[in-house]
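In what follows, a single structure is set out as structure tokens and then discussed.
The values are calculated or read from the model by the stated rules, or taken from the named source; none is laboratory data. Since this is a predicted model, take the numbers as computed values, not measurements. Cβ placement follows ideal geometry from the backbone for every residue including glycine, while neighbour counts extend to all protein chains displayed.
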Amino acid sequence: MGLSSKSARLAWVLIALVLVLGLLVPLAGCGTDEPAEEVDEETEEPTTEEPVETSRLIVASTTSTEDSGLFEVLVPAFEEAYPEYKIEVVAVGTGAALELGRAGDADVLLVHAKAQEEELVAEGYGTERRDVMYNDFIIVGPADDPAGLADAGTAAEALAIIPDSGSEFVSRGDESGTHTKELSLWESAGIEPAGDWYVSTGQGMGDSLTLASERQAYILADRATFLALKDNLELEIIVEGDPAMFNQYGVIPVTDAANLDGGQAFADWIVSQDAQDIIAEFGVDEFGEPLFIPNAS
Amino acid sequence: METILNAIAEAFVLLGSGASDVWEIILRSLQVSGAAVFMATALGVPLGYLLGISRFAGRWILIILVNTGMGLPPVVAGLTVYVTLSRSGPLGELQLLFSQPAMVIAQVLIATPLVLGVTAAAVASIPYGLRLQARALGASKAHEAWLLLKEGRRGVMAAVVAGFGGIISEVGAVMMVGGNIEGTTRVMTTAIVLETRKGNFSTAMALGFILIFIALIVNIALTSLQHAGARYER
């Protein structure tokens, strides 16, 4: 047995050490800046790790809300007002977010599918539903508008042009708030959304917009996400302003939440004047207009 | 080509600027996958050894199962762990969903069949004569195991490398059970998905290059270990 065997052994020991550390650190829950997983939500006893005891507050929201960047301003503001909570935002499609509420895996929901939200509360999975803010949907498409949607009257009338126009329409197809609104527009137009011209992605707003841009197709998007991603897309606003394209956001504390107080605190905070002011300001510097319009009553 | 060069340049900028979340994300990926490959090794090598030396009638069924397990789609492993850890699921009380431990569990599920299967193949291909000789010379079962694993160490190392490679690059499981939460469960692969979703392709590619580079470094370390002592063998 020569030198290389010894150094191989040493290397084994070092690697084992590294892996053991890798094992201990995440299991002990001392990840980069999160408090210990075993934190009890209601106690006042100090832990050895953090000066302020924080409890985990899971906010389930939609991918379009996250992609707009709104949480980057809301979360720090909330945590400053309520330092006892540490927000974790899980962004999935509206359908999945509502499911998280039903399963009790989230503490509070911030989504935009009013009918489904009210159903959730009626079923008892949410304690209440309150209006938070709204933005609108727009139909975006290729800059030269080959199908001539801009001349149509309402959004539904515009969509009615597409099937025979030779242009494609991209749908999120994921039971999200956007998808729900899209389906209701097709219904008003009296058209069955199916066929070669109808492309269903099953993905979030950003992904779907990118796909529509690549294929130079039309797509229904919320204004906030479109503005936030506009620079990476080759699409323009074609149809806007139809009252039918109103997009209302609601907040729902989850009945069976792990962190009941936190969920309620977030819901109360986001309809408060402070949060509503933050929402009214968001996006003005970058886009000249707010991305969301606060309307909590 | 220009996009790729831009992406490589952006990779250096991201790393160099010390943008705290990039380093945080890299560290987290290594922690999660490192812990998972360690546990998968602890589980997979002994079990793989036992499978490799076994000689019973239904052995081939087990091997087929293990090989199928190697092809387990990460998103399915994620879904299984998700449903189990959900508060409405059997282990909901642990409140592990959307945490790093949950991600480690899911990745152990993915990596263990890989480590197990490759170890079994490595051990099975060792000449039977060696086992006979060891036993003839009075080796205990444990000593025999140690001898065989040393003899097949290249294959065992390959098993660990396969396990690590499989999980450092996967996104389906960690996305589902981790939730891609900023500051706690975002790892390299889920960050790439996020940037892609937002249309920031050059950032996504830059992160991709960083990920590949990290995997390269880890594999250099593991592979040089695999060949340590090769000088003395012919």
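Numbers at a glance
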item	result
Checklist (1) over 17 Å from B:S33 (Cα atoms); (2) at pLDDT 90 or above; (3) surrounded by fewer than 19 Cβ atoms within 10 Å (Cβ to Cβ); (4) more than 12 Å from every other protein chain (Cβ to nearest Cβ) applied to B:V83, failing item	(4)
The lone exception for B:Y49 - which of (1) closer than 28 Å to B:R154 by Cα; (2) at the interface with chain A (Cβ under 9 Å from one of its Cβ atoms) it fails	(2)
From the options B:G78, B:G44, B:G89, residue that is in a helix (DSSP H, G or I) and either within 26 Å of B:A145 (Cα to Cα) or more than 18 Å from the chain's Cα centre (by Cα) (or both)	B:G44
Residue in the stretch B:175-191 that is farther than 20 Å from A:S61 by Cα, at pLDDT 90 or above and within 14 Å of chain A (Cβ to nearest Cβ) present	yes
Tally, over the stretch A:49-74, of residues that are surrounded by fewer than 20 Cβ atoms within 10 Å (Cβ to Cβ), under 29 Å from A:A115 (Cα atoms) and either within 13 Å of the chain's Cα centre (by Cα) or within 12 Å of chain B (Cβ to nearest Cβ) (or both)	3
Selection within the stretch B:115-155 - hydroxyl-bearing (S, T, Y) and either closer than 18 Å to B:G44 by Cα or in a helix (DSSP H, G or I) (or both)	B:T119, B:S125, B:Y128
Counted residues, the stretch A:174-200 - those being buried (at least 19 other Cβ atoms within 10 Å of the Cβ), at pLDDT 90 or above and assigned to a loop (DSSP other than H, G, I, E, B)	1
Residue in the stretch B:195-203 that is part of a helix (DSSP H, G or I), among the hydrophobic types (A, V, I, L, M, F, W, C) and either away from every other protein chain (no Cβ under 12 Å) or buried (at least 24 other Cβ atoms within 10 Å of the Cβ) (or both) present	no
Residues satisfying the stated conditions in the stretch A:161-173, i.e. surrounded by 16 or more Cβ atoms within 10 Å (Cβ to Cβ) and farther than 23 Å from A:K230 by Cβ	A:I161, A:P163
All helices (runs of 4 or more DSSP H) inside the stretch A:242-297 with 2 or more residues being over 19 Å from the mean Cα position of the chain (by Cα) and surrounded by fewer than 14 Cβ atoms within 10 Å (Cβ to Cβ)	A:273-281, A:284-287
Matching residues, the stretch A:210-222, being out of contact with any Gly (no Cβ under 6 Å at 6 or more places or on another chain) and more than 20 Å from A:S165 (Cβ to Cβ)	A:D222
Residue identified as crowded, with 19+ Cβ neighbours inside 10 Å and farther than 30 Å from B:A191 by Cα among A:A91, A:A115, A:A158	A:A158
